[in-house]
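K.L.:
Just passing along the structure, written as structure tokens.
The values are calculated or read from the model by the stated rules, or taken from the named source; none is laboratory data. Fair warning: this is a prediction, and the values are worked out from it, not measured in the lab. Glycine also receives a Cβ, built like all others from the backbone with ideal geometry; neighbour counts cover every protein chain displayed.
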Amino acid sequence: MNSETVDTTSGCPISSLSDTFRLSNDQLEGLFKRARTQSPVTYLPDIGYWAVTRYDDIKFILSDKDVFSSEITLEPLTPYSDEVLSLLKARGFSPRPTLSNNEREDHTRIRRSAQEAFRPKRFARLEPYIRQLVNDAVDSFEADKRADLVDQMVYELPALVLFKLLGIPEEDVREIKMWADSRLMLSFGKPSLEDQLVAAGHLADYWDYCVKLVQQRIESPRDDLPSDMLATRGGDDSILTIEDITNVVFGLLLAGHETTTNMSGNAILTLLQNRASWDAIVDDPKLIPHAVEECLRFRSSVVAWRRLAKTDVDIAGTRIPAGDRVLCFLPSGCRDESYFDHPEQFDIQRENARKHIAFGFGRHVCMGAPLARFELVVILEELSKRLPGLRLIVEQSLQPVEAVQFRGPQELWVEWD
Ligand code: HEM
């Protein structure tokens, strides 16, 4: 199927957006383009959301907290069954909205204090580790002359970086990555009841793990983010409570690595599909930071982000009633032709590339953006240095990951001489 043959039986060009995980990049971008011109705000009855596709509208929705609430951002797309709710209750699973879905006034306080620990110098200390991870991966497959860069490099790498940041020991990494995958599937996938129950067990396991981790750092601080947050707190609940810190640690696990795994895959894929750009970064690695911005604009990994209308509001001439739900299609905003010239062209010299909204916008804009950018730059620097002749293997399906709100290649087969 290409973008022209996607089922549009309801008459709306983007009715298929409720099944974004089935669509290829080209199909998605084709639908977005038509939506921006024909119906920039459209109701999707099968999922009960309004789809919003233009840059300015998305920025308004994400940033105006008087009109739109962020309380639904992490709500599961498939509501939890009673069995799952009972299991979570029985396991004492008790996180509360802290950052992304926190509508309370304390969002500002928690974010500001947590950001104290999220400093560039903390990320810079990770630099040798990230370079080592890329080089270890390349060492492991270089002689094969071909590799799946998702499976053999970027699936685990951002998780390992995040775990290092959080002070999670290497022997726990595999189990936690599995818990995190379960959490993603539970929130943004379409799991069966049986899968939901297994995933809910993992969610509770991970919550228990975070509670224990923070307790351990209270007793013996280390060189990691939870210890930094405890130091910022300095025993003062008006700065950060222990519960806040536990919740931030819990939340970072989901926020911080699937997104970066998918974005790393998208960035490498896009650069290799645009050979001249890949060759340009090989010749001049100083171009990489700006190329990363264009990759984020051109093929960002978060497809949609949610808000709830607090009041009746008109967006692009369409009335959205109070209480209705909205999906902001970030990649569509990133290709809005009224904001980006020739948006469908990938151009690593694009002047306003950094104005993309791949990380959202406003008070909830991605807190991990500096870390994500840093990781992407380091991955591309090392990869382009080690394997300058890297090319895509032509015969491959480039299947996207099966999560409605995220996109990235499930596999990325490359070869070199
Ligand atoms: C390329 C990778 C990433 C992308 C595309 C991405 C994208 C996003 C988006 C779209 C939002 C919602 C913003 C809004 O509501 O306006 C968000 C929020 C957030 N992200 Fe990221 N993210 C990435 C990586 C990370 C990393 C590495 C971390 C942490 C280590 C992180 C932590 C967060 C947090 C904590 C929030 C919530 C902030 C708040 O509500 O105050 N993200 N991200």
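K.L.:
Write out, first by first residue and then by second, each pair whose Cβ atoms fall under 7 Å of each other, whose residues are 6+ apart or on separate chains, and whose first residue, in region 62-79, is closer than 17 Å to residue 185 by Cα and in contact (Cβ under 8 Å) with a residue 24 or more places away in the chain while the second is more than 11 Å from the ligand (Cβ to nearest atom) and of a type in the set (A, V, I, L, M, F, W, C).
P.N.:
72/308; 76/186; 77/188; 77/404
K.L.:
Strands (runs of 3 or more DSSP E) wholly in region 297-352 with at least 2 residues that are modelled with pLDDT of 95 or more, over 19 Å from residue 376 (Cβ atoms) and hydrophobic (A, V, I, L, M, F, W, C) - which ones?
P.N.:
304-309, 313-315, 325-329
K.L.:
Count, please, the residues in region 115-144 that happen to be touching a Ser or Thr at 6+ places or on another chain (Cβ under 8 Å) and surrounded by 17 or more Cβ atoms within 10 Å (Cβ to Cβ).
P.N.:
1
K.L.:
Continuing with this model, one more query. Could you grab me the full set of residues in region 289-323 that are out of contact with any Asp or Glu (no Cβ under 9 Å at 6 or more places or on another chain), more than 15 Å from the ligand (Cβ to nearest atom) and under 29 Å from residue 262 (Cβ atoms)?
P.N.:
Once the filter is applied, which keeps residues that are out of contact with any Asp or Glu (no Cβ under 9 Å at 6 or more places or on another chain), more than 15 Å from the ligand (Cβ to nearest atom) and under 29 Å from residue 262 (Cβ atoms), region 289-323 yields only 290.
K.L.:
Keeping to region 185-201, report how many residues are in a helix (DSSP H, G or I) and surrounded by fewer than 20 Cβ atoms within 10 Å (Cβ to Cβ). Explain how you work it out, then say what you get.
P.N.:
Start the filter on region 185-201 by keeping residues that are in a helix (DSSP H, G or I), which leaves 185-188, 193-201.
Next, from what is left, pick out any that are surrounded by fewer than 20 Cβ atoms within 10 Å (Cβ to Cβ): 193-195, 197-198, 201.
Number of matching residues: 6.
K.L.:
Just to check your reading of the model, which residue among 411, 395, 375, 382 is in a loop (DSSP other than H, G, I, E, B), charged (D, E, K, R) and under 24 Å from the mean Cα position of the chain (by Cα)?
P.N.:
Going through 411, 395, 375, 382 in turn, just one is in a loop (DSSP other than H, G, I, E, B), charged (D, E, K, R) and under 24 Å from the mean Cα position of the chain (by Cα): 411.
K.L.:
Given (1) within 14 Å of the ligand (Cβ to nearest atom); (2) within 18 Å of residue 52 (Cα to Cα); (3) of a type in the set (D, E, K, R), identify the lone condition not met by residue 363.
P.N.:
All conditions are met except number (2).
K.L.:
If residue 315 passes every condition in (1) farther than 20 Å from residue 409 by Cβ; (2) touching a strand residue (DSSP E or B) at 6+ places or on another chain (Cβ under 9 Å); (3) surrounded by 22 or more Cβ atoms within 10 Å (Cβ to Cβ) but one, which one does it miss?
P.N.:
With (1) farther than 20 Å from residue 409 by Cβ; (2) touching a strand residue (DSSP E or B) at 6+ places or on another chain (Cβ under 9 Å); (3) surrounded by 22 or more Cβ atoms within 10 Å (Cβ to Cβ) applied to residue 315, the lone miss is (3).
K.L.:
Please verify whether region 401-410 includes one or more residues that are more than 16 Å from the ligand (Cβ to nearest atom), among the polar types (S, T, N, Q) and closer than 23 Å to residue 253 by Cβ.
P.N.:
Yes: one or more hits.
K.L.:
If the requirement is being without any contact (Cβ under 8 Å) to a residue 24 or more places away in the chain, more than 22 Å from residue 299 (Cα to Cα) and of a type in the set (Asp, Glu), which of these qualifies: 236, 223?
P.N.:
On the way: 223 fails: without any contact (Cβ under 8 Å) to a residue 24 or more places away in the chain.
Only one candidate passes the filter, namely 236.
K.L.:
Separate question: Starting from region 108-120, take each residue that is closer than 18 Å to residue 97 by Cβ and touching a residue at least 60 places away in the same chain (Cβ under 8 Å) and list its partners that are near the ligand (Cβ under 8 Å from one of its atoms) and in a helix (DSSP H, G or I), counting only C-beta distances under 8 angstrom and pairs at least six apart or across chains.
P.N.:
108/363; 110/248; 111/363; 114/248
K.L.:
Within region 41-79, count every residue that is touching a strand residue (DSSP E or B) at 6+ places or on another chain (Cβ under 7 Å) and outside any helix (DSSP H, G or I). Even if it seems obvious, please write down each step before you answer.
P.N.:
From region 41-79, those touching a strand residue (DSSP E or B) at 6+ places or on another chain (Cβ under 7 Å) are 41-44, 48-53, 57-58, 61-62, 67-73; that's our starting set.
Subsequent filtering for residues that are outside any helix (DSSP H, G or I) retains 41-44, 48-53, 67-73.
Selection size over region 41-79: 17.
K.L.:
Another question about this same structure. I want to confirm something. Restricting to region 244-264 and keeping residues that are of a type in the set (A, V, I, L, M, F, W, C) and either more than 7 Å from the ligand (Cβ to nearest atom) or not in a helix (DSSP H, G or I) (or both), which single residue is nearest to the chain's Cα centre (by Cα)? Step through it out loud before you land on a result.
P.N.:
Filtering region 244-264 for residues of a type in the set (A, V, I, L, M, F, W, C) gives 245, 248-250, 252-255, 263.
Next cut, either more than 7 Å from the ligand (Cβ to nearest atom) or not in a helix (DSSP H, G or I) (or both) only: 245, 248-250, 253-254.
Details: 245: 21, 248: 16, 249: 16, 250: 15, 253: 11, 254: 8 Å.
It comes out as 254.
K.L.:
While we're here: Specify which of the listed residues (87, 162, 133) is away from the ligand (no atom under 11 Å from the Cβ), within 18 Å of residue 203 (Cα to Cα) and part of a helix (DSSP H, G or I).
P.N.:
Details: 162 fails: away from the ligand (no atom under 11 Å from the Cβ); 133 fails: within 18 Å of residue 203 (Cα to Cα).
Unique residue meeting the criteria: 87.
K.L.:
Continuing with this model, one more query. Any residue in region 394-417 that is at pLDDT 90 or above sitting within a Cβ distance under 6 Å of a residue that is surrounded by fewer than 18 Cβ atoms within 10 Å (Cβ to Cβ) and among the small types (Gly, Ala, Ser)? List the pairs, counting only those 6 or more apart or interchain.
P.N.:
Here the result reads 416/389; 417/389, each pair linking region 394-417 to a residue that is surrounded by fewer than 18 Cβ atoms within 10 Å (Cβ to Cβ) and among the small types (Gly, Ala, Ser).
K.L.:
OK, next. Return the residues of region 101-125 that are within 11 Å of the ligand (Cβ to nearest atom), outside any helix (DSSP H, G or I) and within 20 Å of residue 369 (Cβ to Cβ); say none if nothing qualifies.
P.N.:
Selection gives 101, 102, 118.
K.L.:
Here are some conditions: (1) surrounded by fewer than 21 Cβ atoms within 10 Å (Cβ to Cβ); (2) of a type in the set (Asp, Glu); (3) in contact with a Ser or Thr (Cβ under 7 Å, 6 or more places away or on another chain). Residue 244 meets all but one. Which one does it not meet?
P.N.:
Single failed check for residue 244: (1).
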